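K.L.:
This is the structure, below, for whatever I ask next.
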Amino acid sequence: MSGSADPLVISFGEMLIDFVPDTSGVSLAESPAFIKAPGGAPANVACAIAKLGGNAAFIGKVGDDEFGRMLVDILRKNKVNTDGVCFDTEARTALAFVTLRKDGEREFMFYRNPSADMLLAESELNTGLIKKAKVFHYGSISLISEPCRSAHLAAMKVARESGALLSYDPNVRLPLWPSEEAARSGIKSIWFDADFIKVSDDEVQFLTQGDPEKEDVVMSLWHDKLKLLLVTDGEKGCRYYTKNFKGRVNGFSVKAIDTTGAGDSFVGALLTAVAKDTSIFENEQKLREALTFANGCGAICTTVKGAIPALPTAEEASKFISNSKAS
């Protein structure tokens, strides 16, 4: 069980309901039925950390509706601190319809016009909670519109001034931005504040418009404040870059059913390790062990539909890793 004495990792941003087709490989229009799954990358990360035995809190806003109350209930059931969650009486909880292609990859259609998560105001931030964070983690969806953008920037400032490490996973969702250019500049607007950034190979391609396999392309995303830049390559594993060393850690081969939440499971595992021991950024062996564990957590997550139900415990992840050969 997580103890409140453990270093606190706070996730900031959106929590929503994903509607996932009960049949893979069909379009939204063709899907006969949908499974309702809690989602939203920052909330997934918080649940991943708590499920691995870490100390996690989520800060964000949901609608004062059945779905919003259900989501907060799920956070609590997963032992995530909800002292920073607000309810909006005017706006609904966000929804996303997710199509699963034959290979388990996804396409999204969002209902957010506006949704409660976009309406979190700076005045609603639980700054007392933010000041306790050892790690403060966020994405880029909360940067798309006001007032949430200002709340996001203010929360980052409080966290940084209180000595937290800032962790950023942009989680590019193009349909939510006004244009590709707006997405690129919005995502990069807070790039230089982060201590730790995780991007997928697709996101490297989107942000740089270069070949994500090429090291000089990846290194164009590096900045001197960074302690770690991570590029995830799906089942191939991940690449890591720090001030003093770099390398690649192989992934695990599994039959992917639904990749939703895999990246969040990976990030949650890594942040759990970072919160416990920040020397991981200077110790390559420790970092490689943590990344192997995180790759295992991501792989397990792809074998079950939905994000949060698929998140492994530390015991499940260790067992999976010892039973499988890295691909």
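The values are calculated or read from the model by the stated rules, or taken from the named source; none is laboratory data. Bear in mind the structure is a predicted one, so any value in this text is a computation, not a measurement. Cβ sites come from the backbone with ideal geometry, for glycine too, and all protein chains shown count toward neighbours. Heads up: the accessible areas ignore ligands, DNA and RNA and are worked out on the full protein's heavy atoms, side chains in. Shrake-Rupley method; radii C 1.70, N 1.55, O 1.52, S 1.80 Å.
K.L.:
With Phe19, Phe58 as the choices, which residue is among the aromatic types (Phe, Trp, Tyr), part of a strand (DSSP E or B) and in contact (Cβ under 8 Å) with a residue 60 or more places away in the chain?
P.N.:
Numbers: Phe58 fails: in contact (Cβ under 8 Å) with a residue 60 or more places away in the chain.
Selected residue: Phe19, the only one of Phe19, Phe58 that is among the aromatic types (Phe, Trp, Tyr), part of a strand (DSSP E or B) and in contact (Cβ under 8 Å) with a residue 60 or more places away in the chain.
K.L.:
Among the residues of segment 281-326, write down those that are part of a helix (DSSP H, G or I), among the hydroxyl-bearing types (Ser, Thr, Tyr) and either free of Cβ contacts under 8 Å to residues at least 12 places away in the same chain or surrounded by 15 or more Cβ atoms within 10 Å (Cβ to Cβ) (or both).
P.N.:
Correct list: Thr292, Ser322.
K.L.:
Now for a different question. Somewhere in segment 253-261, is a residue more than 18 Å from Ile49 (Cβ to Cβ), open to solvent by less than 10 Å² (accessible area, probe 1.4 Å) and not in a helix (DSSP H, G or I)?
P.N.:
Kept after step one, since they are more than 18 Å from Ile49 (Cβ to Cβ), are these residues of segment 253-261: 253-259.
Remaining after also requiring open to solvent by less than 10 Å² (accessible area, probe 1.4 Å): 258.
Subsequent filtering for residues that are not in a helix (DSSP H, G or I) retains 258.
Yes, the conditions are met somewhere in segment 253-261.
K.L.:
Among the residues in segment 34-50, are any open to solvent by less than 20 Å² (accessible area, probe 1.4 Å), touching a residue at least 24 places away in the same chain (Cβ under 8 Å) and either of a type in the set (Val, Ile, Thr) or out of contact with any helix residue (DSSP H, G or I) (no Cβ under 9 Å at 6 or more places or on another chain) (or both)?
P.N.:
Yes, because at least one residue in segment 34-50 is open to solvent by less than 20 Å² (accessible area, probe 1.4 Å), touching a residue at least 24 places away in the same chain (Cβ under 8 Å) and either of a type in the set (Val, Ile, Thr) or out of contact with any helix residue (DSSP H, G or I) (no Cβ under 9 Å at 6 or more places or on another chain) (or both).
K.L.:
Same structure again: Inside segment 135-164, can you point out the residues that are within 17 Å of the chain's Cα centre (by Cα) and open to solvent by 30 Å² or more (accessible area, probe 1.4 Å)?
P.N.:
Across segment 135-164, the qualifying residue is only Ile144.
K.L.:
Looking at Asp211, Asp169, Asp193, Asp224, which is the one that is under 20 Å from Leu143 (Cα atoms), surrounded by fewer than 18 Cβ atoms within 10 Å (Cβ to Cβ) and modelled with pLDDT of 95 or more?
P.N.:
Going through Asp211, Asp169, Asp193, Asp224 in turn, just one is under 20 Å from Leu143 (Cα atoms), surrounded by fewer than 18 Cβ atoms within 10 Å (Cβ to Cβ) and modelled with pLDDT of 95 or more: Asp193.
K.L.:
Can I ask one more? Closer than 30 Å to Ala96 by Cα and either open to solvent by 20 Å² or more (accessible area, probe 1.4 Å) or not in a helix (DSSP H, G or I) (or both) - does that describe any residue in segment 269-280?
P.N.:
No, because not a single residue in segment 269-280 is closer than 30 Å to Ala96 by Cα and either open to solvent by 20 Å² or more (accessible area, probe 1.4 Å) or not in a helix (DSSP H, G or I) (or both).
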